[in-house]
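Visitor: Submitted below is the structure of interest, expressed as structure tokens.
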Amino acid sequence: MSPDDRTPWDDGWTPGDGPGDSMIEDRIRAVFEEPIVPLSPPPGTWERIQTDAGRRRRARRLLAVGSAAAVLALFAGGITWLGGADGATPPTPVPPATVGATTPPPSPSSRPSESAGPGSTTGSTSGALLLPHGGPVPRGFVAVSVTSAAKGLVYALGTAPCSNAPCTSLVRSYDSGRTWQGMPAPKAELATGATGNRPDTGVTTRSTVTDVRFATPMDGWAFGGGLWQTHDGAVTWSQVPGIEGRVLDLATDGTNVWALTSTCTGLPCDSGIQVLHARAGDRRFTKQDVPLATTSLDARLAGGDGTMALSVGGEESQLFLARPDGTWAKAVTPCAPAGVHFEGRLLAVAPPAQGRGALVAFCGDAAAGSLHVVTQRSTDGGRTWAGQGDDLVVPNGTFSATAVTADVILVAEGTQDLGGALRLSRDRGRSYGTPDVDAPQAGWRWVAAAGGGRVLALPLQATGSIYVSTDSGASFVAQPIR
């Protein structure tokens with residue numbers, strides 16, 4: 001091909017290399033100098049552009065808000081993990097605990113003590129359950145309330161030294177107290193040493209808590225004046241709405257939850273006690289119609305294997321048992337001033353943690369600084385009762401009792417001045433001995449069976465340990481909370 005036949009895109013050719021180059025320049029110039037005619041967009045194009053841009057702006061704002069909330073939640077969670085403990089290191093999250101599929105069926109909570117001791121609950125899980133992360137245990141933590149939420153899973157409510165009140169703290173163990181993690185606690189004052197069901201303890205406002213209960217590993221309540229709830233494994237807490245007066249007691253069978261409330265701050269109490277009911281996942285409670293005596297605030301809830309009892313002490317002792325639908329039926333009171341029953345007030349009722357249909361009750365008569373206790377037992381769901389032995393004489397202080405089975409029974413008592421002891425009966429309450437335990441000096445605040453031969457106990461003077469038995473109360477080991 002000769003140079004004259006090359007096109008503008010052939011290598012080595014530039015304008016002016018051959019004839020006709022002037023004509024080619026004119027054509028190129030015409031292309032670039034041709035007027036530009038704008039094209040009209042299809043109808044609705046501008047509206048679509050505005051809509052898409054608005055969506056992108058809203059997405060960016062939500063992302064920014066979500067990021068800020070996540071940062072705030074991280075810092076808030078870290079502070080609550082520590083329970084406000086002075087000098088504590090920042091929380092270091094640990095791997096979440098797993099509750100395995102071998103968890104037994106639920107065993108209800110039990111709170112037969114007049115002291116600030118919780119009931120025991122064992123909730124069930126279908127398959128392995130992954131629990132929320134925990135943090136470090138606050139330094140100086142002492143426990144005043146314990147609850148079992150599944151096999152080996154224990155929550156403890158207490159307090160630790162802090163500079164900014166409230167100093168209420170919560171810890172969790174998933175191996176029956178051998179190791180612990182700090183968890184967020186409700187922002188309420190802890191009334192240590194107080195009990196929610198007696199008017200002379202100083203628990204007169206909704207701003208205090210004394211106890212903790214968990215129906216499942218995720219659903220729990222802190223109460224004792226006020227009532228707080230969590231449904232995410234203690235990650236967050238909120239006050240239960242619609243509660244009137246003080247919360248005296250709360251218990252759960254793993255599905256149903258009951259609370260006792262009163263607007264009274266002393267005796268006599270004309271308005272009496274109200275019974276509230278909810279399901280484990282509910283955030284509100286509804287009032288139940290239960291004909292409780294109106295002259296006493298000495299009421300408590302206790303549960304065992306398929307049985308929940310509501311007992312009222314004082315001069316008008318009463319006993320109610322929960323029906324399958326969550327309502328209550330009045331039962332024969334084991335302590336009455338007539339017939340074969342013991343003349344004394346009803347101290348506690350303890351449905352066994354293992355063995356449906358049986359009930360154990362404790363009737364007490366105070367005299368000269370001592371409490372004379374008779375153990376009563378029913379094998380027909382509370383229709384008939386029989387005394388099991390001679391009086392058990394204990395100091396007239398705190399009293400708590402529980403039944404591992406209908407035959408194996410434990411009584412805990414304590415006073416600041418006279419001390420106290422744990423008592424164990426293996427013959428239905430006919431006689432009592434002493435378990436193998438290094439007892440605290442002031443005695444005991446509370447004891448409760450947690451199912452599977454496990455028993456939990458707390459000393460009267462709050463310490464940094466809980467006591468655990470794995471042999472149905474024959475021996476106890478102090479498990480430090482750290």
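Visitor: Residues that are at positive phi, surrounded by 16 or more Cβ atoms within 10 Å (Cβ to Cβ) and in contact (Cβ under 8 Å) with a residue 24 or more places away in the chain: does segment 217-230 have at least one?
Guide: Within segment 217-230 (the criterion being at positive phi, surrounded by 16 or more Cβ atoms within 10 Å (Cβ to Cβ) and in contact (Cβ under 8 Å) with a residue 24 or more places away in the chain), the answer is yes, since at least one residue qualifies.
Visitor: Then there's this: Of all residues being at pLDDT 90 or above and among the charged types (D, E, K, R) in segment 320-368, which is farthest from V411 (Cα to Cα)? Just the residue, please.
Guide: Out of the qualifying residues, it is R323.
Visitor: Return only the number of the condition from (1) touching a residue at least 60 places away in the same chain (Cβ under 8 Å); (2) surrounded by fewer than 20 Cβ atoms within 10 Å (Cβ to Cβ); (3) at negative phi that D365 does not satisfy.
Guide: If we test D365 against (1) touching a residue at least 60 places away in the same chain (Cβ under 8 Å); (2) surrounded by fewer than 20 Cβ atoms within 10 Å (Cβ to Cβ); (3) at negative phi, just (1) comes out false.
Visitor: Ok, one more. Please verify whether R383 is of a type in the set (K, R), touching a residue at least 40 places away in the same chain (Cβ under 8 Å), assigned to a loop (DSSP other than H, G, I, E, B) and at positive phi, treating the condition exactly as stated.
Guide: Against the criterion (of a type in the set (K, R), touching a residue at least 40 places away in the same chain (Cβ under 8 Å), assigned to a loop (DSSP other than H, G, I, E, B) and at positive phi), R383 does not qualify.
Visitor: Just a yes or no: is a residue in segment 303-323 among the acidic types (D, E), assigned to a strand (DSSP E or B) and surrounded by 15 or more Cβ atoms within 10 Å (Cβ to Cβ)?
Guide: The answer is no, given that none of the residues of segment 303-323 is among the acidic types (D, E), assigned to a strand (DSSP E or B) and surrounded by 15 or more Cβ atoms within 10 Å (Cβ to Cβ).
Visitor: While we're on this one: Give just the number: which of (1) at pLDDT 95 or above; (2) of a type in the set (V, I, T); (3) in a loop (DSSP other than H, G, I, E, B) does T201 not satisfy?
Guide: Unmet condition: (1).
Visitor: Within segment 273-288, does at least one residue satisfy the condition of being closer than 24 Å to A191 by Cα and at pLDDT below 95?
Guide: yes
Visitor: Can you go through T415, T434 and tell me which one is over 26 Å from the mean Cα position of the chain (by Cα), at pLDDT below 90, over 20 Å from T147 (Cα atoms) and among the hydroxyl-bearing types (S, T, Y)?
Guide: Criteria check complete, one pass: T415.
Visitor: Next up: Among the listed residues T261, T216, identify the single one that is assigned to a loop (DSSP other than H, G, I, E, B) and of a type in the set (S, T, Y).
Guide: After ruling out the rest, the residue left standing is T216.
Visitor: Among the residues of segment 392-412, is any under 20 Å from G314 (Cβ atoms) and assigned to a loop (DSSP other than H, G, I, E, B)?
Guide: yes
Visitor: Under 6 Å by Cβ, and 6 or more places apart or on different chains, what pairs join a residue from segment 266-278 that is over 11 Å from A293 (Cα atoms) with one that is of a type in the set (A, V, I, L, M) and in a strand (DSSP E or B)?
Guide: L276/A259; A278/V257
Visitor: May I pose another question? Which condition number does D438 fail, the rest of (1) in contact (Cβ under 8 Å) with a residue 24 or more places away in the chain; (2) closer than 25 Å to Q354 by Cα being met?
Guide: Only one criterion is unmet by D438, namely (2).
The values are calculated or read from the model by the stated rules, or taken from the named source; none is laboratory data. Remember, it's a predicted structure, so these values are computed and weren't measured experimentally. Backbone-built Cβ (ideal geometry, glycine too); neighbour counts: all protein chains shown.
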